[in-house]
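Notes follow once the structure below has been shown.
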Amino acid sequence: MLKLLGLVCATAVAVVAAHPGAVAYGKYLVEEVGKCQECHTPRTQTGELDKSKWLKGATLDFQPEHETEAWIKLAPDLTPSGDLFARWHERGLVSFLETGVGPTGHPSRPPMPAYRLRPHDAEAIVAYIKSLK
């Protein structure tokens, strides 16, 4: 039964990724709704987002006023060439965006929100991320 469920989930991801509008919709969700680039893209010396390193990970230039447990200082590279994608794969990223829990069973760490997205939205985001170099 679990194998069948995994096959159904993998097929759903493949169908969304194959849909021509999925990448554009995922880009909209990443860039306009989630504003993922604000943390996951480094900035140039003038403070602008470095478009040559889009979503390649960045050191966060902000922190909480009070100590916050598990606060991270480095937003990971989200692109397919990054370590996160290599470890979590497509299905792990989709699941994380749907549940707020990573493949290891741990919730997202601040300042990353614990998203609980609809499957269609999570799959579109991963389709967009997969399209990045």
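Where a number appears in this text, it was derived from the coordinates with a stated rule and is not lab data. Everything quoted here is computed from the prediction, not taken from an experiment. Quick reminder, even Gly has a Cβ in these numbers, built from the backbone with ideal geometry, and neighbours come from all protein chains shown.
Three semi-axes describe the equivalent ellipsoid of the chain; taken as square roots of 5 times the Cα gyration tensor eigenvalues and ordered largest first, they are 26, 18, 12 Å. Label-to-label distance, residue 67 versus residue 112, with points set 7 angstrom from Cα along the beta-carbon direction: 2.3 nm. Residues whose amide H comes within less than 5 Å of that of residue 58, counting only those at least five positions distant or on another chain, are 75 (H built at 1.01 Å from N in the peptide plane).
With a cut-off of at most 11 other beta carbons within 10 Å, and DSSP calling the residue loop, which chymotrypsin sites (Phe, Trp or Tyr not before Pro) in the stretch 42-109 qualify? Please list them.
Details: sites: 54, 62, 71, 85, 88, 96; in loops: 54, 62, 71.
Answer in residue order: 62.
Report relative contact order for the stretch 2-131 in percent, whole number only (criteria: Cα-Cα under 8 Å, sequence separation at least 6).
Rounded, it is 28 percent for the stretch 2-131.
Using Cβ contacts closer than 10 Å as the measure, can you line up 104, 41 from fewest to most?
104, 41
Rounded to the nearest 20, the size of the Cβ-charge dipole of the chain about its Cα centre is 460 debye, with Lys and Arg at +1 and Asp and Glu at -1.
Filter the GluC sites (Glu not before Pro) in the stretch 25-83 down to the DSSP loop ones having no more than 11 other Cβ atoms within 10 Å, then list what survives.
Values: sites: 31, 32, 38, 48, 65, 67, 69; in loops: 48, 65, 67, 69.
Of the GluC sites (Glu not before Pro), the ones in loops of the stretch 25-83 whose Cβ has at most 11 other Cβ atoms within 10 Å are 48, 65, 67, 69.
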